[in-house]
Every structure is written in C-alpha cells, then in structure tokens.
Amino acid sequence: MQQSITKRLSGNENYKDVTVSVKNTTVTLNGNCAGENCAPEIGTIVKENKYSSSVINNIQEKSTIAAVSLNTSLQRIISHYPGIQGEISDSIITLKGSIKKENLPGLMDEISALHPRKVDDQIAVTEK
C-alpha cells in the first residue's frame, strides 16, 4: 500500500517533499507540499485508496509568502497598463485583455523580471 500511494503522489512535483508511512491500515503523511490547498488534496488522494482505514495528515503547506509577493508585484505592474488583467496559479502568470502594440514590450519586460515559471499570454494586441 505504501508503494502504491508513494507512486501516485510522485506524479505531482508539488508533492515531492511528502513522505508516506503505513502501519496496519493507517496511513501517515509527513513533510511539505507546494500549492494552495495541497495538504487536503493529498489527504483526499490517499483516502481514495480502498485499503487504508484512516489517514493522519501532518503535511504542512509551504509558505505562500512568495506567491503573495508575486501577485502583489503583478498587480502593481498591470495597474500601469489599462485593459490588462493578470492571474497567477502555481507561479504561472496568465495575462488577458488588450494592449497597444507599442506598450507590449514594456509590459512583457516587467513581467519577465518577476521570473514566473511561465507566462500564458492571452493578450489581444491593437495598433492604436
């Protein structure tokens, strides 16, 4: 059972610091995970295992300070570009809205300076 659960969790990079131990049919989860609500998600995954009778979830979610800082910086940047909206999920910035062609390079330079994992550019570019 322990190998099965470990294998299932190993498919998600955010769960790489989670350890699993099993005694009888009780699963104990320890370590850290990354992402919003990741600890309850892992608990749910383990509870889906039909062989476990109970789950002790000691997982701590990694600090979201970096995520809050990234979001604050993003909001500050896009406030200078009317018509642009931005969202962050798992260090991926999604940009939506419309922008003048001449303003796009400046926006993208500022966004790149935040060092996101990825930028999902869904911006419509206008000539004027």
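The values are calculated or read from the model by the stated rules, or taken from the named source; none is laboratory data. Just so it is clear, the structure is predicted and the values come from calculations on it, not from any experiment. Glycine gets a Cβ as well: all are built from the backbone with ideal geometry, and neighbour counts include every protein chain shown.
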**Study point:** Looking only at segment 91-111, and only at residues there that are within 18 Å of Ala67 (Cβ to Cβ) and polar (S, T, N, Q), the one that is modelled with the lowest pLDDT
**Key:** Ser91
Check your understanding: Looking at segment 61-70, is at least one residue more than 20 Å from Asp109 (Cα to Cα) and at pLDDT 80 or above?
Key -> yes
**Study point:** Subset tally (residues that are within 12 Å of Asn49 (Cα to Cα) and surrounded by fewer than 15 Cβ atoms within 10 Å (Cβ to Cβ)) for segment 8-31
**Key:** 2
Practice item. Determine which single condition Ser73 fails, assuming it passes every other condition in (1) surrounded by 12 or more Cβ atoms within 10 Å (Cβ to Cβ); (2) touching a strand residue (DSSP E or B) at 6+ places or on another chain (Cβ under 7 Å); (3) not in a loop (DSSP other than H, G, I, E, B). Key: (2)
Practice item. Could you please let me know if Lys50 is part of a loop (DSSP other than H, G, I, E, B) and either of a type outside the set (Gly, Ala, Ser) or touching a residue at least 12 places away in the same chain (Cβ under 8 Å) (or both)? Key: yes
